[in-house]
Each structure stands twice: as structure tokens, then as C-alpha cells.
Amino acid sequence: MNAAARGAIAGVAGGLVFGVSMAVYGMLPTVASIVRTDSAVVGFAVHMVFAVIIGAGFGLIVSRQRELVLWGLLYGAFWWFLGPLTLLPLFRGEPVSWDLSSARGLLPSLIGHLCYGMAVALVYMVLRGDQPSTRPPATALVRGGLAGVIAGMLSHLGWGWLIGLAAGLLYPYLFRDRENTGPALVRGAVYGFLWWVLFGLTAEPLLLNVKLDWARPPVDQLPGYLLLGGLTAVLYTWLGSVARGLFVDDVRMFPVESPGARGFRAVGYGAVAGLVGGALFTVVMVVVGVLPLVASMVGSSEPVVGLIVHLVISQIIGASYAVLFRRQSFDAVSGIGWGLCYGFFWWILGNLTLLPVFTGSPVRWDPAALAAGFPSLAGHLAYGAALGAVYYRLESRTNPWWMTRNAAEQARVQGRRQQSLGSAPALWTLTVFIALTVPVLIP
């Protein structure tokens, strides 16, 4: 069976999943209007035709990719923008509106497209047979469960430890590649978004006998789920490193690290890159007038003090980026991608969580707090992009001492290929998509 055929069959499964939500929200007559009728039955038939065609396209696109769940999420998000927001109005003879109001009105469709993408990816994985038939080792499940429970207890979510246990046990099934802490953090945050869609928006209301309402999602739970996923992935990675260090004797199991990558040079590069990103972020902070708030962390209200504190924090975060993402950027695009993701994570952990704690205010993740923090989100994304780009430029100037220039370039090409075949591009794009979706989710 070729890739397109597998994708088409997976599209049938995804179409059935999406079709249920379309029937609940009365969207099928809208789809039927493409062929000039308002019959729900005709609408479902048209929807399934599109689902099969789009599924075949997914099969062709991801035929060589790994970790398809993340690619499925991204594919569903892409077709939400291309379909309901763009092509559907054109087919109906209406003007295309890419404004915030139109996007908010199509929130149920967005959640449905994400579910479609996940279902297509999971079925395609089964049809392709690329996943091991056996379950992960018991040690991996124990690590996942322990990491999830700890992360759930720290995420301040209802059902926290139970959700964390389920997320931790599922994590080794979906993600089996060994990775460094930085990429694991980004992957985990997107994994937390997936759990917000599946559990926070869907399963939890059904379990509590609450009306399923995708039009007004619980956006106040989103930061908690992002932290849950990120912490689960990081703890799972750390526990694996500890286990290998204690119980593995084969030196081939340990990655070879450049001596300079662990030293002061890498940290110094990160601090310099963080300073550049912090200077760019300062423009947003001056416009918004938040420097006095930052200064209150050290008992002052002077903007100059706030600027100094901000730049110091920017360098500390930049140094942590160097530790977590060393040797993960193989070109400027991957550097910016990882940086954007790290900047978005620090908006959740820093602006929405730690800043209120350090300034003596309660932590609030409600829609009003998210809306007030949106300018800071733009600043954090700009900071992250500059951080990743500058750090890549600095790091790429120094090759490992034992490698020739040709060997270093071959290693860089191989690393870039592995990221491209994996889920790194999907992670970068999904993180930006989640960040841009925040204002759409706020009523």
C-alpha cells in the first residue's frame, strides 16, 4: 500500500472523528452549501470526500517523517486556516475574513481540525507499521509515570497527578527517540497542548457531565497543561540520563560531548545572545511601561533599575538556553525555531507565573491575565528569535577540536537531516501557532 492510499484510509478515520463534532455544532449544512444545498447528509458526504483527499495529501507529505502525531496536529491547524477561514468562504461566494472575530467564531472548527489531524496521524502510523509492536520497556513506563505524577502535582491543575500519570505513561509510546533537555522541553510543551485539547476541552467536561463547549474553551487551563507537558518531558529525559549513568556500562551508549560545549565559552555565548534578545525585548517593555513592575522584584520602582534587572535576567535565560540547546541548531532556521519555542515557554513560566510570585501578586492564568500579558508574549517571541539566531551564529564559529572542517560540516548536515525527518520543524511551527492562537482563545 502506497503512502497516498494509507493517508486516504487514515483520512476516513479522521473524517469520522471530525464529523461527529460537526454534527453536534451544526456545521454540516454550511459544508453542504458548497454544492448549493443545506442538507446535513449531503454536508457529511462532502466533508468525507474532503477528509479522504486531505488524508491522502498527509500521507504523501509525511511518508518519510517520524513522530507523526505532531505533524498531524500541524496539518490539522494548517487546514483550519486554509479551509474554513479561506477556501470555504470562496466556495460559497463570500469575502474572505482573516480577522479576530471570524477566527473566534470558528473555534469549534479549529478543535475539530486538530482532532482530525491527530486521528489521521495515529491511523497512518498503524497502517505504515513503523511503530514497534511491543510496548516500551517497563523502566521507560516507570520513568514516564513518575515524571508525569511530579509534573502534574506542580502544574496546579485539577486532577493534576492523575492527568500527569496518564500523560507520563503515554509519553514513551509516542516519543521514543532519545533527545537533549531543550528539545524535550519544547516537545513536552506541545504534548501538553495536545492534552489540553483531548482532556481539558473534551474528556473532562464529559466526565463531569458538563456541556461540551468548544466555542468557549477553558483557556485558563492552557498554561497549566503546557507546563505539565514540558515538565513531564524534561523529568522523563533527566530520569533516563540518571538511569544510564548508574546502570549502563557500555561507553557507546553515552553521547560524545565537545569539551567547549560544557564550558564557559558556551555559557558566555548564551549570555551574549540573551543580552541581544533582551535589548530587542526592551523596546516592547518601554512601550508597554512594564519596567517599573520588573524593578519591583528588587524593591524599586525606577525604570532604569527595571531595565538592569531585565537585562540580567535576559542573560541568565540566555545562558540556560546554551546549556539546554547546545549543538541543536544546524542552521539559522533551526536556531530561530528553538529560540522562539524557548521564548514562548518563558512567557508561560516567567511572565505568567514567576513574575507575579517575585512581585508579591497572585498567579493568575484567567483570560484577563492572558490578555494583559499578550504584549509581553510578543516581546518574548522576539527575544527568543534573537537569542536563537545569535547563539547559532556564535556557536557555529567554533568546531569541535578533534574534527576537521569537512567532518564538522558532514556532522552538521546529518544533524539537520535528522531534525528534518523528525518532528523539529513541526514543533517550531506548532509553538508559534499556539502563541498566535492565544488571542483567539480569549473571549
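The values are calculated or read from the model by the stated rules, or taken from the named source; none is laboratory data. Keep in mind that what you see is a predicted model, and the values were worked out from it rather than measured. Counting neighbours? That spans all protein chains shown, and the Cβs are built from the backbone with ideal geometry, glycine included. Note: areas computed on protein heavy atoms with side chains; ligands, DNA, RNA excluded. Shrake-Rupley method; radii C 1.70, N 1.55, O 1.52, S 1.80 Å.
Things to note:
- Scanning region 17-40 for residues that are more than 14 Å from Gly76 (Cα to Cα), among the hydrophobic types (A, V, I, L, M, F, W, C), touching a residue at least 12 places away in the same chain (Cβ under 8 Å) and part of a helix (DSSP H, G or I) yields Met22, Ala23, Val24, Leu28, Val31, Ala32, Ile34, Ala40.
- Scan region 387-443 for residues that are touching a Lys or Arg at 6+ places or on another chain (Cβ under 9 Å), open to solvent by less than 40 Å² (accessible area, probe 1.4 Å), of a type in the set (S, T, N, Q) and at pLDDT below 75 and the total you get is 0.
- Any hit, region 134-149, residues being over 23 Å from the mean Cα position of the chain (by Cα) and touching a residue at least 60 places away in the same chain (Cβ under 8 Å): yes
- Of all residues in region 325-364 being of a type in the set (Gly, Ala, Ser) and under 24 Å from Leu436 (Cβ atoms), the one that is surrounded by the fewest Cβ atoms within 10 Å (Cβ to Cβ): Ala332
- Residue in region 119-127 that is hydroxyl-bearing (Ser, Thr, Tyr), without any contact (Cβ under 8 Å) to a residue 12 or more places away in the chain and either open to solvent by less than 30 Å² (accessible area, probe 1.4 Å) or in a loop (DSSP other than H, G, I, E, B) (or both) present: no
- Only residues that are within 18 Å of Gly26 (Cα to Cα) and not hydroxyl-bearing (Ser, Thr, Tyr) were counted across region 200-216, and they come to 6.
- Filtered residues of region 70-109 (kept if open to solvent by less than 10 Å² (accessible area, probe 1.4 Å) and under 17 Å from the mean Cα position of the chain (by Cα)): Leu70, Gly72, Leu73, Gly76, Ala77
- Failed condition for Pro136, given (1) open to solvent by 30 Å² or more (accessible area, probe 1.4 Å); (2) assigned to a loop (DSSP other than H, G, I, E, B): (1)
- If the condition is being touching a residue at least 24 places away in the same chain (Cβ under 8 Å) and either open to solvent by 50 Å² or more (accessible area, probe 1.4 Å) or basic (Lys, Arg) (or both), then region 302-319 contributes Leu307, Ile313, Gln315, Ile316.
- Arg176 satisfies every condition listed in (1) in contact (Cβ under 8 Å) with a residue 12 or more places away in the chain; (2) farther than 21 Å from Leu324 by Cβ; (3) out of contact with any Phe, Trp or Tyr (no Cβ under 8 Å at 6 or more places or on another chain) except (2).
- Filter pass, Val390 being touching a residue at least 60 places away in the same chain (Cβ under 8 Å) and either farther than 18 Å from Phe193 by Cβ or part of a helix (DSSP H, G or I) (or both): yes
- Ala322 being open to solvent by less than 10 Å² (accessible area, probe 1.4 Å) and over 30 Å from Gly192 (Cα atoms): no
- Close Cβ contacts (under 9 Å, 6 or more residues apart or on different chains) running from residues in region 270-286 that are in contact (Cβ under 8 Å) with a residue 40 or more places away in the chain to residues that are among the aliphatic types (A, V, I, L, M) and not in a helix (DSSP H, G or I) comprise Val284/Val290.
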